[in-house]
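So the structure is just underneath, and the comments pick up after that.
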Amino acid sequence: MPSPHHVLKITFIPALALLLGSCAMVGPDHSVPETESAKKFKSFNADYASRVSRNWWQTFGDSRLNSLMSDLEHGNFDLRAAESRRNQAFAALGIDRSLLLPQVRTEGSATRNRESESNRAGPGVMESYYDDYRVSMSLGYEIDLWGRVRRIVEAGKANAGAAEISVDQVKLSLQSQLATNYFALRFIDSEAHVLEQAMKTRIESLDLARNLFEAGRSSEADVARAEAELANAKAQLVSLQGPRAALENAIAVLAGKNASSFTIAPKVITDNPPSVSAGSPVELLGRRPDVFFAERSLAASSAEIGIATAGFYPKISLIGSGGFAAVNASDFLKYSSRQFSIGPEIELPLFQGARRKSDLALAKAKHEEALANYQQTVLMAFADVENALATRRAALNEIHAQEESLKASKKTYELSNSRYKEGVSSYLEVIDSHREMLNAERGAVQARGRSFAATIQLMQSLGGGFSK
């Protein structure tokens with residue numbers, strides 16, 4: 001037959017579980033606010049056929065970029081810091097969850113003590129020296145009638161979720177920076193290639209001018225002009241070295257490499273950027289890490305209102321302790337040396353100088369701020385996509401226009417150069433037509449570079465590789 005203590009234990013636990021299960025949590029429950037969204041993006045174009053993938057940069061088909069992205073994921077210190085913040089948030093959540101369980105602690109001691117003889121009120125037989133042996137176990141458990149502890153855990157879960165998403169947010173930002181810098185460097189290489197070809201053409205023009213001058217068919221001024229144009233092309237080529245080095249160093253830092261020993265071999269890009277589908281606004285909100293981060297922050301602020309509201313209600317805890325205490329080691333574990341205390345503890349918020357009201361007002365104000373931040377984040381998400389779509393389209397149109405201009409300027413240069421060889425036109429005409437051709441070539445390269453940057457911006461604005 002079970003003892004009365006066992007009966008009490010068996011009946012108390014289910015009763016407590018039933019009591020807590022029937023208790024409603026005070027404060028508002030979180031819900032995702034409705035957002036205004038258009039049926040489709042106003043700059044949507046059916047030509048954007050492919051979808052953004054998790055490893056979105058692989059769409060560019062550049063093995064060097066793929067390798068750098070792998071280095072970033074394993075070696076970038078900003079990303080490591082974000083991961084550490086995530087780990088901190090989950091550790092804090094573990095602390096919050098521990099509040100749902102009884103807090104049990106045990107302690108023991110064996111001490112040798114001496115009482116002060118001068119501290120006695122009168123003569124007595126009390127020994128100045130004595131031993132004290134103690135062992136005890138204590139228990140504390142908050143009965144979560146109003147959901148205060150559950151709201152604390154709810155807020156902890158939301159904060160941990162936000163920290164988890166922030167890792168994706170930081171990663172996407174770093175990946176976008178790396179891709180943008182990488183292609184900016186590649187298009188400096190492409191522009192340098194154009195200038196190198198221009199230098200070859202101008203060397204040929206200089207040789208032609210010298211030959212014509214020696215044959216008496218042109219003036220020395222034409223030779224001087226040809227030398228000046230060649231020197232100008234060299235100066236323009238040298239001016240690209242500084243920006244390229246700065247981009248190379250920035251890429252090294254993003255990839256977690258030492259800039260002093262990091263190099264990227266030159267490479268020319270002549271292709272247009274890959275196509276990208278913007279999808280629908282609903283899909284956008286399901287991909288953007290900043291939107292999810294704002295939503296999780298909103299959820300945490302909603303739970304904080306519940307925590308502040310619970311502060312107006314009594315806090316009821318079940319506390320208990322028990323153990324053995326004796327002054328003689330032989331009596332330490334005897335049944336007669338036992339001691340215990342058990343009972344409820346109630347904390348009533350009677351008067352605290354309106355602190356509880358201020359706590360609740362503060363929590364509500366933070367929730368309003370989080371709500372505004374969420375709604376602003378959603379609006380900015382749509383604007384980011386619209387801006388990227390418009391910028392990309394403008395750059396692609398500019399490429400087409402620059403290529404048409406290049407075609408015409410090449411024809412003009414070839415005609416003027418032939419006319420100069422025949423002595424029909426002056427060298428100034430050759431110089432002007434070659435400058436126009438060079439400007440058109442560099443303009444086409446720069447427009448293509450802007451189209452790549454806009455494509456990266458579009459992929460980032462669509463959430464890149466983020467997945468819920």
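The values are calculated or read from the model by the stated rules, or taken from the named source; none is laboratory data. Computed from a prediction, not measured in an experiment: that's the story for all the values here. So basically every Cβ, Gly included, is an ideal-geometry build from the backbone, and we count neighbours across all protein chains shown. To get the accessible areas, we keep the full protein, side chains included, count just its heavy atoms, and leave off ligands, DNA and RNA. Shrake-Rupley method; radii C 1.70, N 1.55, O 1.52, S 1.80 Å.
Which one of these does Ala255 not meet: (1) modelled with pLDDT of 90 or more; (2) in contact with a strand residue (DSSP E or B) (Cβ under 7 Å, 6 or more places away or on another chain)?
The failed condition is (2).
What about Ile399, is it in a helix (DSSP H, G or I), of a type outside the set (Lys, Arg), surrounded by fewer than 22 Cβ atoms within 10 Å (Cβ to Cβ) and in contact (Cβ under 8 Å) with a residue 40 or more places away in the chain?
So Ile399 fits the description; yes.
What is the one condition in (1) modelled with pLDDT of 95 or more; (2) open to solvent by 30 Å² or more (accessible area, probe 1.4 Å) that Phe90 does not satisfy?
(1)
Among (1) in contact with a Phe, Trp or Tyr (Cβ under 9 Å, 6 or more places away or on another chain); (2) farther than 30 Å from Arg448 by Cα; (3) open to solvent by 50 Å² or more (accessible area, probe 1.4 Å); (4) among the hydroxyl-bearing types (Ser, Thr, Tyr), which single condition is Tyr130 missing?
Tyr130 satisfies every listed condition except (1).
Would you confirm whether any residue within the stretch 45-52 is surrounded by 10 or more Cβ atoms within 10 Å (Cβ to Cβ), under 30 Å from Leu254 (Cβ atoms), in contact with an Asp or Glu (Cβ under 6 Å, 6 or more places away or on another chain) and modelled with pLDDT under 80?
Looking through the stretch 45-52, none of the residues is surrounded by 10 or more Cβ atoms within 10 Å (Cβ to Cβ), under 30 Å from Leu254 (Cβ atoms), in contact with an Asp or Glu (Cβ under 6 Å, 6 or more places away or on another chain) and modelled with pLDDT under 80.
For Thr377, indicate whether it is open to solvent by 60 Å² or more (accessible area, probe 1.4 Å) and either in contact (Cβ under 8 Å) with a residue 12 or more places away in the chain or in a helix (DSSP H, G or I) (or both).
no
Regarding Ala329, is this residue open to solvent by 40 Å² or more (accessible area, probe 1.4 Å), under 30 Å from Leu462 (Cβ atoms) and aliphatic (A, V, I, L, M)?
When the stated conditions are applied, Ala329 does not pass them.
Residue by residue through the stretch 258-278, note down the ones that are open to solvent by 30 Å² or more (accessible area, probe 1.4 Å), among the hydroxyl-bearing types (Ser, Thr, Tyr) and in contact (Cβ under 8 Å) with a residue 60 or more places away in the chain.
Matches in the stretch 258-278: Thr270, Ser275.
Would you point out which residue out of Thr412, Thr391 is hydroxyl-bearing (Ser, Thr, Tyr), touching a residue at least 60 places away in the same chain (Cβ under 8 Å), open to solvent by 50 Å² or more (accessible area, probe 1.4 Å) and out of contact with any Phe, Trp or Tyr (no Cβ under 7 Å at 6 or more places or on another chain)?
Thr391
If Ser358 meets every condition in (1) without any contact (Cβ under 8 Å) to a residue 24 or more places away in the chain; (2) open to solvent by less than 80 Å² (accessible area, probe 1.4 Å); (3) in contact with a Phe, Trp or Tyr (Cβ under 7 Å, 6 or more places away or on another chain) apart from one, which number is that one?
Ser358 satisfies every listed condition except (3).
Within the stretch 220-257, count every residue that is without any contact (Cβ under 8 Å) to a residue 40 or more places away in the chain and within 30 Å of Glu73 (Cα to Cα).
So the answer is 7.
Is it the case that some residue within the stretch 59-79 is hydroxyl-bearing (Ser, Thr, Tyr) and under 22 Å from Arg287 (Cβ atoms)?
There is at least one residue in the stretch 59-79 that is hydroxyl-bearing (Ser, Thr, Tyr) and under 22 Å from Arg287 (Cβ atoms).
Kindly establish whether Phe312 is touching a strand residue (DSSP E or B) at 6+ places or on another chain (Cβ under 8 Å) and surrounded by 12 or more Cβ atoms within 10 Å (Cβ to Cβ).
Criteria not met by Phe312.
Run Val223 past the list (1) out of contact with any helix residue (DSSP H, G or I) (no Cβ under 6 Å at 6 or more places or on another chain); (2) of a type in the set (A, V, I, L, M); (3) assigned to a helix (DSSP H, G or I) and report the number of the one that doesn't hold.
Going through the list (1) out of contact with any helix residue (DSSP H, G or I) (no Cβ under 6 Å at 6 or more places or on another chain); (2) of a type in the set (A, V, I, L, M); (3) assigned to a helix (DSSP H, G or I), Val223 breaks only (1).
Here's the yes/no breakdown for (1) farther than 30 Å from Ser317 by Cα; (2) open to solvent by 10 Å² or more (accessible area, probe 1.4 Å); (3) in contact (Cβ under 8 Å) with a residue 12 or more places away in the chain:
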position	(1), (2), (3)
Val149	no, no, yes
Gly161	no, yes, yes
Val170	yes, yes, yes
Leu178	yes, no, yes
Tyr182	yes, no, yes
Leu185	yes, no, yes
Asp207	yes, yes, no
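Kindly list, by first and then second residue, each pair from a residue in the stretch 82-96 that is closer than 11 Å to Ser166 by Cβ to a residue that is assigned to a helix (DSSP H, G or I) and aliphatic (A, V, I, L, M), limited to pairs with Cβ atoms under 6 Å and residues at least 6 apart or on different chains.
Ala82/Val167; Ala82/Val170; Glu83/Val167; Arg85/Ala163; Arg86/Ala163; Arg86/Val167; Ala89/Ala160; Ala89/Ala163
From the list Ser336, Ser297, Ser321, Ser341, exactly one residue is out of contact with any Asp or Glu (no Cβ under 9 Å at 6 or more places or on another chain), more than 30 Å from Pro33 (Cβ to Cβ), modelled with pLDDT of 80 or more and surrounded by 13 or more Cβ atoms within 10 Å (Cβ to Cβ). Which is it?
Ser321
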